[in-house]
Each structure stands twice: as C-alpha cells, then as structure tokens.
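To start, the structure itself, in structure tokens.
Coordinate-derived values only; no laboratory data. Because the structure is a prediction, the values reported are computed rather than measured. All Cβ positions, glycine included, derive from the backbone under ideal geometry; neighbour counts span all protein chains shown.
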Amino acid sequence: MKIEPYLRRIGWNGPVKANLESLRHLQEQHLLHIPFENLDVIRAVWIPLDVETYYNKIVRNDRGGFCYELNGLFNWLLQNLGFTSRLASATVRRPDGGWTMMGSHACLIVDLEQPYLVDVGFGDSVRVPLPLSGEERKDVSGVYRLKKVGDKDFDLQKSQGNAGWKTLYRLHTSRRTLSDFKEACRFNQTSSESHFTARPLVSLAAPEGRLTLSGNKLTITGLNEKRKITIDDQKMAAVLKQYFGIRLVPSTKVCEEKKVNDVNRGKMN
C-alpha cells in the first residue's frame, strides 16, 4: 500500500499539508473520482473489514465501494498524510422517519483546530469538512450543519429552505475501529432488510451535480438539469465504464450467506 498511487487515483496534484485547506480538497477529489457503489454486494462478492483489500479494489482496480471501504481507506490515507483522523459511527435516518441499524454507517472525524465530520462514503451528501460546532457549510449539493442532540451525538442535517432541516443521520462521536462494524457490515451485504442488497447502486459526484445509477435507471443531475435514462442490460457494462470508470471482472470470493438469501428471494438464477 502506497500513498502516491492513491493520490493519483483521486487526481491529486502537488504537496499535501495537514490543514483544513488540504483536507477539503482531498475530500472533494475523492468524491469526484471514486464512486459510492454496492456492485460487489449485488454480485455476492464478500467484502471483509480489511484496508488492504479496499486498497486493491479501489486504487489498483479503479472501483468504488460502500462506507466501510471508502471511509476505511480514506482514514488510512489521512493518517499517513499526517492528519489526526479516526473512524466514528452513525445511524442513518430512513425516508419514512425511522432509523436503520444503530451505528451501522462508518464515517470519519478529523481533528484540526476543531473536530470535523468527513464522509466520502454516503453518496449524495455534504462534500466539505463539517465542524461539530453547528456552523453551516455550503457546497454544490446543498447547505449542511451538525446539530448537537446528546453528549456525544450530533444530527447531520441538510437545509430544505423554508421547510426547515432534514436529518440525514445521527453521528455518534465515540472512537470506532473497522472491527467494530463486523455485524453491521455482514448485515448490509447479506440481509434482505438491507437496502444495499435490493438493487445495483452507483453514485459519483460531478463538479456541478451527480451521476447515479439505480437499478437500470441512470440519473444525470446538473445545476439546471436532471435527466433520467433507462439502460438496457446489454449496455450496462459500457455505462459503468463510461460514466463511473468501473470495469467488473469475475470474482471467486463469493459470500455464500448472501447467495443463499438471494436464491430464497428468487434474485439469482
């Protein structure tokens, strides 16, 4: 595992300093170049809690991943660049107002002159380091803040304009390690109750919008446009390569538990 290939993977040029300016740029470059995706979950390819595995997949094979992979690997990069960073957990708010599995989302806290939430593994969300102080931050995707709701808990919220604020997830700031997400990682890639097992999802930030593939629907969002395109199965590989830089290769690392669950639900032949 080397720093330089990782920096090339995210299109980084020039030196890195352990300061807020570099952190913000690193986060932005990561989101613009490395997609959030669940394709290995759908293919029943087992995802372990192992940073070297993530490095091989994301840096060497030009893939993306979900939160444990993306934030787990980014944490390694930040620490090796001289930042004081650590994993934290969060509980995601469902669209119906309920909550997902407690603490099942992995994110990062980076300590500079104050602590910041940094997250490169949550799809369409805040793109800049967000201070735990409650100060609002704006990027191309919206306006965000962290609202304190407990001794060590903060709600990540996005402005809805006159409609107020929408909570995306509840951040728990206690220190976590990758091994702490063992049960959550297993659940998210094997359970029929996990939204990661429902359909293929690939999402990548763009300078003025976002590209998202959900099932066979490709959504292209810009500042003043939003287009949806239906993708034929025969064209899926070309779309993954053209829009997300992903080329899938066969894998023998099959998650047997996920495979059995899919057969029981009639998802696999």
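Rounded to the nearest whole Hz, the Karplus-based 3J(HN,Hα) values (6.51 cos²θ - 1.76 cosθ + 1.60, θ = phi - 60°) of the stretch 169-178 follow the sequence 7, 9, 7, 10, 7, 4, 5, 10, 10, 4, with x at glycine and proline. For the chain, the Kirkwood estimate of the hydrodynamic radius, built from every pair of different alpha carbons, is 19.1 Å. Rounded to whole numbers, the Karplus 3J(HN,Hα) couplings from phi for the stretch 133-146 are 6, x, 5, 7, 9, 10, 9, 5, 8, x, 10, 10, 7, 10 Hz, using 6.51 cos²θ - 1.76 cosθ + 1.60 with θ = phi - 60°, and x at Gly and Pro. By the helix-only formula, in which each DSSP H run with n ≥ 4 contributes -39500 (n - 2.57) and the sum is divided by residues, the chain has a 222 nm mean residue ellipticity of -7500 deg cm²/dmol. Fully extending the segment from S174 to Q242, taken as 0.36 nm per residue of separation minus the present Cα-Cα distance, adds 20.5 nm.
List, in the order given, every pair from K152/K217; K138/K226; K57/K228; K2/K217 whose Cα-Cα distance in the structure shown is over 32 Å. Result: K152/K217; K2/K217 exceed 32 Å.
In sequence order, the stretch 158-163 has phi-based couplings of 10, 5, 10, x, 5, 7 Hz under the Karplus curve 6.51 cos²θ - 1.76 cosθ + 1.60, θ = phi - 60°, and Gly or Pro positions carry x. Using all pairs of distinct alpha-carbon atoms, the Kirkwood hydrodynamic radius of the stretch 196-256 works out to 12.8 angstrom.
If a spin label sat at a point 7 angstrom from the Cα of Q79 along the line to its beta carbon, the backbone N atoms of the stretch 46-61 nearer than 19 Å would be those of 48-59. Shown here: the stretch 7-80, whose C-alpha atoms stretch 39, 20, 18 Å along the first, second and third principal axes, sorted largest to smallest.
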